[in-house]
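Participant: Encoded as structure tokens, here's the structure I'll be asking about.
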Amino acid sequence: MQLRGSAKALGDALAVLLVLVLPGCTPPLALDPQTPQGRAVAGLIWWFTGLCTVIWILVLLGLAFAIWRPRLVPADPLALDQRAERRSGRVVAVLIGLTGVIVIGLTVLSFAAQRQLFEPADGALTIDIVGHQWWWEVVYNSPDSSQTLTTANEIHVPVGRPVTLDLTSNDVIHSFWVPSLMGKADLIPGRHNDLTFTAEKPGIYNGSCAEFCGMQHAHMGIRVIAETPSDFEAWRRQQLRSAAPPASESAKRGEALFESSACAFCHNVSGTPASGQVGPDLTHLASRSSLAAGTLPFGRGQLAAWIADPQGIKPGAQMPDVRLAPDQLNAMLDYLMGLK
Amino acid sequence: MSFSDIAANRGMRDTDMTDEELRERLTRTWATKAGIWGALTTVDHKVIGRRYVVTAFVFLLLAGVLAIIMRLQLAQPNGRLLTPELYNQLFTMHGTTMMFLFAVPVMEAFAVYLVPLMVGTRNIAFPRLNAFSYYVYLLGGLMIWVAFALNLAPDVGWFAYAPLTETSYSPTKGVDFWAQMITFTEVAALAVSAEIIVTVFKQRAPGMSLDRIPLFVWSQLVTAFMVMFAMPAVMIASSMLIMDRLIGTHFFTPEQGGDALLWQHLFWFFGHPEVYIIFMPATGMVSEIVTTFSRRPAFGYMLLVLALLSVGFFAFGLWVHHMFVTGLPQLGASFFTASSMLIAVPNGVQIFCWIATLWGGRPVFKTPLLYIIGFIVVFVVGGLTGVMLASVPLDTQVHDSYFVVAHFHYVLVGGAVFPLLGAIYYWFPKFTGRMLGERLGQWQFALLFIGFNLTFFPMHILGLAGMPRRVYTYSEASGWGGMNLLATTGALILLLSFALLVWNIVSSLRSDEPAPDNPWDAPTLEWATSSPPPPHNFDRIPVVSSRYPLWSDPETLPVVSGLAVDTRELVLSTITEARADVLDTSPLDSIWPLLAAIATGIGFVASIFTPWAVVWGSALVGIFLIGWFWPKGTAEDEI
Amino acid sequence: MKTKVVADISGLDKHGFGPRLPTFWGTLGFMSLEGMGFVLGAGSFLYLGWHTPTWSAGAPPQELLWPTLFTAILVLSLIPNFIVTKLAQAQDNDRLKPLMVLMSVIGLAAVAVRGYEFTQLNIGWYTNAYGSLLWVLLGLHTTHLVTDLVDTIVLTVLFFTKHCPTRRFSDADENAMYWNFVVIAWLPLYVLLYWVPRLGGG
């Protein structure tokens, strides 16, 4: 506790310094953590940065003095003053010793933070994350299959309760990174990794894939939405429902079009014949806040643009260009915008 | 046949010969023939070394231009300059070229040119292998760049993580070209490392005992050993990859019992030592330059050698710190935290020794020393961020972010390119017989220093702000625009700095003013001969009785006589004491290395398209190797 | 720089054997890097076996007859190979010649048995990762075997066609050293590829 306290004091001091040096900058996300796990790492970053800065300045001072110090000029390069040599030898020996001590100290700090970071959490909510090129499948598993829900690219979590993400991949290696929550972990095909964090206050935390995973690695955003337990529960219940039936004639035509075209081969809409498993689950598409793994904010206009020209917006994405007449597109939008 | 007969058959000896006649005869014996045939058959380590240096610098400039284009794309959010395909090819080609076609080869190039001169011998060991290695390297570099020009470049990053590199996710031939480029350059690197080890072991001037070997040579020796144990890992990995892709093996496909992390283990078992393979020769350069310009012996010679040896050893125990977020067992990860932190100690030892050398000497501020001072300022930052990355929890935040991009550029540009440029200014007169301009050199240094820090320092903050590496664009909302613009500005200043270097080199080469033999009053043997050296390096082989022979006696060089002048002959010495032991011959010029390299190249490239090329390619190379080694009846071959 | 002759070394030996020669150290260097290749290949075998305990599932254990015969040939060949070393260092041209022929024949026999060994493997390289590594490690060793065999044959031909300077004896000496490496590198591979999967239960 004391360690953490002093880390915080040091952190605050350095943060003030940084703000003075970089006026107008907000602190970088990794240094403005919103979870205890993130704070443990941020404290460590501050400690290391502080110590390393001090060491760097001392080395430079030594270098500067070595260069500019006044000195006698012996003519012969091989004529060394043995007394001065021995003195330098002692100084170097002390410095080497100090280096060793500092390095061991930093190692101990690191081990302490590591224990704190990876200690198993009791009563954690487990969420399965499966990486795909280039989106995230999010599954809230339950032994009771009627309580299992699937969504994509946005993770809703309750505040105050530890959340463990079970990470794996369906294709290549990805890496899950939401810097204001905590560090990253890889999603590796054939393996399972986990990552635990406890969100402390409601909010939206953005992150992205950190391991290069192919053409659209840049557009593989992830969003964590932390909510009060009651909001989370409401969201969960709403997501467990089957898709809302189309509310208008146009939306009905949209649904028919969806089910008869290529869309249904890849996307699932619960409660309808569309049950593709290749792309994101669209049962509650309209309840999400972004499109195509954070490529666009969610809205009717953006959805229209995405359906009309996915390869222009996210070249290489698995979503093909589907030719739709303007009225077909409109019907499709009416249908999809109703999938709250 | 008795030994005296052999001595007679190798022709005239140099005993009692006048200096002029000796130089003329030796030049005739050792010179590269004029014309294109001479150029293709030469085995002179200086000619090959110079080609190696120039080729590596061309690759540096090419990869640098790619970096500038990437920086322009990233200068502002939602950049539209490049498509994602092209951006991904650019960063892959940038990293691949910088690591495999510039950084490692350029350090080898300096070894090929300088080690024989610094140990006082007439040519490198296995000079034909040396020529072969250069051609193989050149062909590998040409292959990948031609593939790039044909839009067949790899686009999977320089460490090419499986399974992204498997055919299912990378169906084009780009990855195959990448994997074979690895094979080309590793064959070249392994050959050079064998030559360097044997040159240092067996061809040192009489009297150059182990404790009198110049620090640069020590650094190249340790590096050569590291190459020998590190490079097989990446060759095995890239061969497995290409077999997965071409003949359907399953090394990295989890569905059939393979494992994606096997690639990472093999790659980083090579990849981490690789960093030291690049950095260690640079420390050798630093030691030489600091010594010369401090006008005193290096402080803590023994300590520096021990530091090299321990870094060389421990570098093989760190690779897992590249894999801290792959979900390895915590205990194992902790071990690698400790080992990665501890390697800071020998690196610290080196820094302290160099500063102590400057402290106890009287520094002369010529351009080479400026780069070394810049090196200490910049490299220490990279070393310290390296200590940060060694911590598992800290690494989970900064891994694969721009923080890491900043870190390794501080280490590799700060730790290797700064000393390398210092070395260029330092040895340029020896390589070419011309001095580089001091004033231009200082301007170049200033621009390099400013441009470098402006480019890469902001990346630390970008990484902490959540910017992952290898993204071709980013949104405005991310707030990363300002720092990126700053970095791009810095990159343009860097470009200007390198333009000045090119200008400096061109104008120096065109000037008529010859460089003196020893312009810096340096203490090691390469400065005892002319600038540039004659084909046989030394008219008579020096005898060494101290660590700094040219400071021990600045006027007269003690030498031995009794070597053949009509046959390429050199002195073999014993390993520890360097007692003169055997007079051996050194191979004549030959076209076979080039032919064998071409055959090797054909085999490697063809195997991308048909696995059978491995079979007939090997047979082809075998035939050329027999031609290479078949005795030709010359004195060098037979007696 | 002025020079001053401090010694005349024209009387030094013009030839030597073993560690006195660069080629010895060069051969040793290539043996170490190739040895490293074997170590990493074997390491991958153990790593994947440990990571996926059932990785060779479905494949019955490999037949032992041919690989064991191959191993026996290699081990026995160490005896004539040792004699080759002694005769080469003694520069005994007449007695060396037939032994070089013998070593070439032994090498050919070993390659023939190895070829048959490949046909007896009961799993394809394309079947699973176990099959891939089995084939590749065997192939890697075969490459070394063939390389040294070709070198032995070329040297033998040289001994019969060209006159025989000292240099050729040191070549034969180093070729014999490399053969020892090919044999010694095989022994742990033999245990790993053919016995470990049996003992490890899969």
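Participant: Output the residues belonging to the range B:355-368 that are more than 9 Å from chain A (Cβ to nearest Cβ) and either hydroxyl-bearing (Ser, Thr, Tyr) or closer than 23 Å to B:Val411 by Cβ (or both). Let's see the steps before the verdict.
Facilitator: Let us first name the residues in the range B:355-368 that are more than 9 Å from chain A (Cβ to nearest Cβ), namely B:364, B:366-368.
Those that are more than 9 Å from chain A (Cβ to nearest Cβ) and either hydroxyl-bearing (Ser, Thr, Tyr) or closer than 23 Å to B:Val411 by Cβ (or both): B:Thr367, B:Pro368.
Participant: Sticking with this one: Residues of the range A:263-275 being surrounded by fewer than 16 Cβ atoms within 10 Å (Cβ to Cβ) and either over 21 Å from A:Trp136 (Cα atoms) or touching a strand residue (DSSP E or B) at 6+ places or on another chain (Cβ under 7 Å) (or both), which ones?
Facilitator: A:Gly271, A:Pro273, A:Ser275
Participant: Could you tell me which of the residues B:Phe225, B:Phe269, B:Phe252 is within 14 Å of chain A (Cβ to nearest Cβ) and touching a residue at least 12 places away in the same chain (Cβ under 8 Å)?
Facilitator: On the way: B:Phe225 fails: within 14 Å of chain A (Cβ to nearest Cβ); B:Phe269 fails: within 14 Å of chain A (Cβ to nearest Cβ).
The unique qualifying residue is B:Phe252.
Participant: Further question: Going by the conditions given, is B:Asn484 under 30 Å from A:Ile204 (Cα atoms), away from chain A (no Cβ under 12 Å), crowded, with 20+ Cβ neighbours inside 10 Å and not aromatic (Phe, Trp, Tyr)?
Facilitator: Numbers: under 30 Å from A:Ile204 (Cα atoms): yes; away from chain A (no Cβ under 12 Å): yes; crowded, with 20+ Cβ neighbours inside 10 Å: yes; not aromatic (Phe, Trp, Tyr): yes.
So B:Asn484 passes the test.
Participant: Counting only residues that are touching a His at 6+ places or on another chain (Cβ under 7 Å) and assigned to a helix (DSSP H, G or I), which one in the range B:289-336 is surrounded by the fewest Cβ atoms within 10 Å (Cβ to Cβ)? Walk me through it before giving the result.
Facilitator: Narrowing the range B:289-336 to residues touching a His at 6+ places or on another chain (Cβ under 7 Å): B:315, B:318-319, B:322, B:324-325, B:336.
If we keep only those that are assigned to a helix (DSSP H, G or I) too, we end up with B:315, B:319, B:322, B:336.
On the way: B:Ala315: 24, B:Trp319: 24, B:His322: 23, B:Phe336: 21.
If we take residues in the range B:289-336 being touching a His at 6+ places or on another chain (Cβ under 7 Å) and assigned to a helix (DSSP H, G or I), then B:Phe336 is surrounded by the fewest Cβ atoms within 10 Å (Cβ to Cβ).
Participant: For the range B:166-203, give me the residue count where each residue is part of a loop (DSSP other than H, G, I, E, B) and farther than 30 Å from C:Phe24 by Cβ. Spell out the reasoning first.
Facilitator: Start the filter on the range B:166-203 by keeping residues that are part of a loop (DSSP other than H, G, I, E, B), which leaves B:166-173, B:203.
Filter again for farther than 30 Å from C:Phe24 by Cβ, leaving B:166-173.
Residues that pass the stated criteria total 8.
Participant: How about the range C:135-152: which of its residues are more than 10 Å from every other protein chain (Cβ to nearest Cβ) and within 14 Å of C:Gly107 (Cβ to Cβ)?
Facilitator: Initial filter on the range C:135-152 (more than 10 Å from every other protein chain (Cβ to nearest Cβ)): C:137-138, C:141-142, C:144-145, C:148-149, C:152.
Within the range C:135-152, C:His141, C:Thr142, C:His144, C:Leu145, C:Asp148, C:Leu149, C:Thr152 qualify.
Participant: Taking B:Phe270 as the residue in question, decide whether it is under 30 Å from B:Leu164 (Cα atoms), among the aromatic types (Phe, Trp, Tyr) and either outside any helix (DSSP H, G or I) or over 23 Å from the mean Cα position of the chain (by Cα) (or both).
Facilitator: Working: under 30 Å from B:Leu164 (Cα atoms): yes; among the aromatic types (Phe, Trp, Tyr): yes; either outside any helix (DSSP H, G or I) or over 23 Å from the mean Cα position of the chain (by Cα) (or both): no.
Taking the combined requirement at face value, the residue does not satisfy it.
Participant: Pairs needed: first member in the range B:300-313, closer than 15 Å to B:Ile213 by Cβ and in contact (Cβ under 8 Å) with a residue 12 or more places away in the chain; second member anywhere, of a type in the set (D, E, K, R) and surrounded by fewer than 22 Cβ atoms within 10 Å (Cβ to Cβ); C-beta distance under 9 Å; at least 6 residues apart or different chains.
Facilitator: Sorted first by the residue in the range B:300-313, then by its partner, the pairs are B:Tyr301/B:Asp211; B:Tyr301/B:Arg547; B:Met302/B:Asp211; B:Val305/B:Asp211.
Participant: Conditions first: (1) more than 9 Å from chain B (Cβ to nearest Cβ); (2) under 26 Å from C:Gly107 (Cβ atoms). C:Leu46 passes all but one, so which condition is the exception?
Facilitator: Among (1) more than 9 Å from chain B (Cβ to nearest Cβ); (2) under 26 Å from C:Gly107 (Cβ atoms), the lone unmet condition for C:Leu46 is (2).
Participant: Among (1) surrounded by 14 or more Cβ atoms within 10 Å (Cβ to Cβ); (2) modelled with pLDDT under 95, which single condition is A:Gln302 missing?
Facilitator: (2)
Per-residue answers, yes or no, for (1) part of a loop (DSSP other than H, G, I, E, B); (2) within 12 Å of another protein chain (Cβ to nearest Cβ); (3) under 23 Å from A:Lys340 (Cα atoms):
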position: A:Gly131; (1), (2), (3): no, yes, no
position: A:Pro143; (1), (2), (3): yes, no, no
position: A:Thr164; (1), (2), (3): no, no, no
position: A:Leu167; (1), (2), (3): no, yes, no
position: A:Pro189; (1), (2), (3): yes, yes, no
position: A:Lys201; (1), (2), (3): yes, no, no
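Participant: Right, here's the next one. Select from the range C:118-134 the residues that are surrounded by fewer than 21 Cβ atoms within 10 Å (Cβ to Cβ) and assigned to a helix (DSSP H, G or I) and write down the one among them that is farthest from the other protein chains (Cβ to nearest Cβ).
Facilitator: Keep residues of the range C:118-134 that are surrounded by fewer than 21 Cβ atoms within 10 Å (Cβ to Cβ), which gives C:118-124, C:126-127.
With assigned to a helix (DSSP H, G or I) added as a condition, the list becomes C:118-120.
On the way: C:Phe118: 13, C:Thr119: 16, C:Gln120: 19 Å.
This residue is C:Gln120.
Participant: So, in the range C:32-85, of the ones that are among the aromatic types (Phe, Trp, Tyr) and in a helix (DSSP H, G or I), which residue ends up farthest from C:Val182 (Cα to Cα)?
Facilitator: C:Trp50
Participant: Just to be sure before I move on: is B:Gly451 more than 8 Å from chain A (Cβ to nearest Cβ), under 31 Å from the mean Cα position of the chain (by Cα) and surrounded by fewer than 21 Cβ atoms within 10 Å (Cβ to Cβ) in the structure I sent?
Facilitator: Values: more than 8 Å from chain A (Cβ to nearest Cβ): yes; under 31 Å from the mean Cα position of the chain (by Cα): yes; surrounded by fewer than 21 Cβ atoms within 10 Å (Cβ to Cβ): yes.
Yes: the conditions hold for B:Gly451.
Participant: I'd like the residue in the range B:373-426 that is of a type in the set (Ser, Thr, Tyr), within 19 Å of B:Ile343 (Cβ to Cβ) and assigned to a helix (DSSP H, G or I) and, out of all such residues, is nearest to the other protein chains (Cβ to nearest Cβ).
Facilitator: Taking the range B:373-426 and keeping what is of a type in the set (Ser, Thr, Tyr), we get B:385, B:391, B:396, B:401-402, B:410, B:425-426.
Subset that is within 19 Å of B:Ile343 (Cβ to Cβ): B:385, B:391, B:410.
Then drop every residue that is not assigned to a helix (DSSP H, G or I), which leaves B:385, B:410.
On the way: B:Thr385: 7, B:Tyr410: 11 Å.
Ranking the candidates gives B:Thr385 first.
Participant: Looking at (1) more than 27 Å from B:Arg439 (Cβ to Cβ); (2) facing chain A (nearest Cβ under 9 Å), which is the one condition that is false for B:Ser294?
Facilitator: (1)
Participant: Name every residue in the range A:26-38 that is more than 9 Å from A:Ser180 (Cβ to Cβ), touching a residue at least 24 places away in the same chain (Cβ under 8 Å) and either surrounded by fewer than 24 Cβ atoms within 10 Å (Cβ to Cβ) or in contact with a Cys (Cβ under 8 Å, 6 or more places away or on another chain) (or both), in order of residue number.
Facilitator: Within the range A:26-38, just A:Pro36 meets the criteria.
Participant: Report whether or not B:Asp553 is over 30 Å from C:Arg168 (Cα atoms), out of contact with any helix residue (DSSP H, G or I) (no Cβ under 8 Å at 6 or more places or on another chain) and either away from chain C (no Cβ under 14 Å) or not charged (D, E, K, R) (or both). Working first, answer last.
Facilitator: Details: over 30 Å from C:Arg168 (Cα atoms): yes; out of contact with any helix residue (DSSP H, G or I) (no Cβ under 8 Å at 6 or more places or on another chain): yes; either away from chain C (no Cβ under 14 Å) or not charged (D, E, K, R) (or both): no.
When the stated conditions are applied, B:Asp553 does not pass them.
Participant: Out of (1) crowded, with 22+ Cβ neighbours inside 10 Å; (2) within 15 Å of the chain's Cα centre (by Cα); (3) farther than 19 Å from A:Ser270 by Cβ; (4) not hydroxyl-bearing (Ser, Thr, Tyr), what's the single condition that is false for A:Val172?
Facilitator: Tallying (1) crowded, with 22+ Cβ neighbours inside 10 Å; (2) within 15 Å of the chain's Cα centre (by Cα); (3) farther than 19 Å from A:Ser270 by Cβ; (4) not hydroxyl-bearing (Ser, Thr, Tyr), A:Val172 fails exactly one: (2).
Participant: Turning to a different aspect of this structure: Tell me whether the range B:494-511 contains one or more residues that are touching a residue at least 12 places away in the same chain (Cβ under 8 Å) and charged (D, E, K, R).
Facilitator: no
The values are calculated or read from the model by the stated rules, or taken from the named source; none is laboratory data. Given the structure is predicted, the values throughout are model-derived calculations rather than measurements. All Cβ positions, even for glycine, are placed from backbone atoms using ideal geometry, and neighbour counts span all protein chains on display.
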